[in-house]
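*Asks:* The structure under discussion is supplied below as structure tokens; questions concerning it will follow.
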Amino acid sequence: MPQPIASPPDEPQCEVVLGETRLTLLGTAHVSRISVEQVEQLIGSGEYDAVAVELCRSRYAALMDPKSLAQMDLFSVIRQRRVYMVVANLALAAYQQRLADQFGIEPGAEQRAAVRLARERGLPVLLIDREIGITLRRISASLSWWKRYSLFVGLLAALLTTDEVTEDEVERLKEGDVLETAFAEFAQDRQDLYAPLIDERDHYMAAKLRLEAERNGVKRVLVVVGVGHLKGIARALNAGCDDCQARLTALEQVPKPSRWPSVLPWLLLLLIIGGLAWGFVQSPALGFDLVVSWILITGGLCALGTLIAGGHPLTVLAAFLAAPLTTLHPAIGAGMVTGVVELSLRKPSVGDFSSLRGDVATIRGWWRNRVARVFVVFLLSTLGAGIGTYIGGFHIAGKLLG
């Protein structure tokens, strides 16, 4: 039996005046029924001529139109290398589903209520949060490659567990939002996570509020945000902003990654090709042996990852054939090949897209749903090929130096 989460009777709120525009900042708990009631009461008062919500366009679409997932072009997702971003979003959706099942209220219900009531009254809805994809990319760019991958794995493990949400997580949800709670375990005392996840968004939403209020010519705006953002947004609004558009543009830029992560694969490629060539110089038999070993190690481990992911037998074969070549070309990943092959052989149905959000709430669902399984095939085949590259490289070095 789901148990509703209670919040303090009076949600924190404050008033900020910007010229002729008065903003009422309402801090809400994203899993509280009382927050929903507070939003309904304030909008129902008729005092406001616009409502701003802590949503970006993609989160707005996911919240208000769950069927938008059915419009996802999987081939483009794979080709444009957006699989990791989509998987992270699905993992967050799985976390939201766990909350809904446990407490009987969807996270973001107060945001949905704010949008619905604003529409009913013909009020403009202002989307003020930064795109979640940009936030995730800025988080990724702020971390070293090792921290980036450990964070990704840790998030998946934490978000896909079948355990109930703990009391500590609930308390964090009352003070922040789903995205912040998901990162909370990793963000403690970590400025590289805190800045893009919380501080930057506070400044972004403040600047966006100024621009949207001016663009729409509104005088009284209800701003519905997580209580964890309330002080930061109010502080940023009171501090002023000389060029809000320039600030938004700066906060939407993804920093250029360090040169080493992009150079290292090419250096590894040169070492492996050089090792294979040196093997043939020493002895054609040795060179042939090294090539066969490279094929068996990289192809075998990539195929094993695809097999564990539940890939089609022909996808497993494609993994074995593709990995020895794709591992020698940093611009083409084995997952791109296996993902496309799996998608071509097992085309997802409309039902797979419709049930995707619910299916990814369980470990088994990632394998059962054809859309999710394409992503699992991509990830595990990529992992297998990556491990095979290093094992194969060490094997070649051992043969040449032994």
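*Asks:* Filter the stretch 21-49 for residues that are farther than 26 Å from Leu197 by Cα and in a strand (DSSP E or B); which is least open to solvent (accessible area, probe 1.4 Å)?
*Replies:* Thr21
*Asks:* Let me ask something else. Would you pick out the residues in the stretch 58-81 that are open to solvent by less than 40 Å² (accessible area, probe 1.4 Å), within 22 Å of Val115 (Cα to Cα) and either modelled with pLDDT of 70 or more or among the aromatic types (Phe, Trp, Tyr) (or both)?
*Replies:* Ala61, Ala62, Leu63
*Asks:* Cβ-Cβ under 7 Å, sequence separation 6+ or interchain: first residue in the stretch 184-205 and under 17 Å from Gly232 (Cβ atoms) and at pLDDT below 85, partner among the basic types (Lys, Arg) and open to solvent by 70 Å² or more (accessible area, probe 1.4 Å). Which pairs?
*Replies:* Sorted first by the residue in the stretch 184-205, then by its partner, the pairs are Ala184/Arg172.
*Asks:* With the structure loaded, tell me whether Tyr95 is open to solvent by 60 Å² or more (accessible area, probe 1.4 Å), assigned to a helix (DSSP H, G or I) and modelled with pLDDT under 80 or whether it fails that test.
*Replies:* Values: open to solvent by 60 Å² or more (accessible area, probe 1.4 Å): no; assigned to a helix (DSSP H, G or I): yes; modelled with pLDDT under 80: yes.
Judged against the criteria, Tyr95 is not a match.
*Asks:* I need the helices (runs of 4 or more DSSP H) fully contained in the stretch 324-402, keeping only those with at least 2 residues that are modelled with pLDDT under 90 and at positive phi. Please lay out each step first, then the result.
*Replies:* On the way: elements: 334-345, 350-354, 356-359, 363-368, 370-401.
Ranges flagged: none.
The values are calculated or read from the model by the stated rules, or taken from the named source; none is laboratory data. Given the structure is predicted, the values throughout are model-derived calculations rather than measurements. We place every Cβ from the backbone using ideal geometry, glycine too, and count neighbours over all the protein chains shown. Calculation scope for accessible area: heavy atoms of the full protein, side chains included, ligands and nucleic acids excluded. Shrake-Rupley method; radii C 1.70, N 1.55, O 1.52, S 1.80 Å.
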